[in-house]
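Notes follow once the structure below has been shown.
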Amino acid sequence: MNPISVYVTLGLALALLLSIAGNTWQLWHSGVAAGRAEGEATITQLRDTNAGLAKTAAVNSAIAVVAKEQNLALVNDLAAIAERARGERIVYRTAAAAAPLAPNCAPGQARMDAVNAMLGPQAEVKP
């Protein structure tokens, strides 16, 4: 074998190894860069989602506070209505006991006045 051909073969082998090493490094470097860019995009998307969820949580918290206040007001209104109904029922029972009906008699004026007082003012019903 000719010594020049050995050196040429070794030189070509070395060039091949350097080419393979360079290609491997370039492939790895581009993959890392792509992975880094993809990771940064994912992080940005997650931060945007987190900001949106934080805004939604703040709105839900404000709604919950208002709902609590309104529920308390509704319970108080309901208690006032129940107390008024108790009073009206007592007025009606008192008027009914004071003017007992005969078995063949329709309700008297006092009883109807007590019913009307219990019902309060009502709009006229038009046919």
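The values are calculated or read from the model by the stated rules, or taken from the named source; none is laboratory data. Since the structure is predicted, the reported quantities are computational estimates derived from the model, not experimental observations. FYI the Cβ positions are ideal-geometry reconstructions off the backbone, even for glycines, and counts take in every protein chain you see.
Any residue at all in the stretch 71-80 that's farther than 30 Å from Gly120 by Cβ and either under 36 Å from the mean Cα position of the chain (by Cα) or modelled with pLDDT of 90 or more (or both)? Outline the logic, then answer.
To start, the set of residues in the stretch 71-80 that are farther than 30 Å from Gly120 by Cβ comprises none.
Among the residues of the stretch 71-80, not one is farther than 30 Å from Gly120 by Cβ and either under 36 Å from the mean Cα position of the chain (by Cα) or modelled with pLDDT of 90 or more (or both), which makes the answer no.
Given the criterion over 27 Å from the mean Cα position of the chain (by Cα), in a helix (DSSP H, G or I) and surrounded by 10 or more Cβ atoms within 10 Å (Cβ to Cβ), identify the matching residue among Ile43, Ile63, Ile4, Ile20. Steps first, answer last, please.
Working: Ile43 fails: over 27 Å from the mean Cα position of the chain (by Cα); Ile63 fails: over 27 Å from the mean Cα position of the chain (by Cα); Ile4 fails: surrounded by 10 or more Cβ atoms within 10 Å (Cβ to Cβ).
Sole residue among the options that is over 27 Å from the mean Cα position of the chain (by Cα), in a helix (DSSP H, G or I) and surrounded by 10 or more Cβ atoms within 10 Å (Cβ to Cβ): Ile20.
Report whether or not Ala21 is modelled with pLDDT of 85 or more and either of a type outside the set (A, V, I, L, M) or out of contact with any helix residue (DSSP H, G or I) (no Cβ under 9 Å at 6 or more places or on another chain) (or both).
Details: modelled with pLDDT of 85 or more: yes; either of a type outside the set (A, V, I, L, M) or out of contact with any helix residue (DSSP H, G or I) (no Cβ under 9 Å at 6 or more places or on another chain) (or both): yes.
So Ala21 fits the description; yes.
Leu27: surrounded by 10 or more Cβ atoms within 10 Å (Cβ to Cβ), assigned to a helix (DSSP H, G or I), under 51 Å from the mean Cα position of the chain (by Cα) and at pLDDT below 85, yes or no? Full working, then the answer.
On the way: surrounded by 10 or more Cβ atoms within 10 Å (Cβ to Cβ): yes; assigned to a helix (DSSP H, G or I): yes; under 51 Å from the mean Cα position of the chain (by Cα): yes; at pLDDT below 85: yes.
So Leu27 fits the description; yes.
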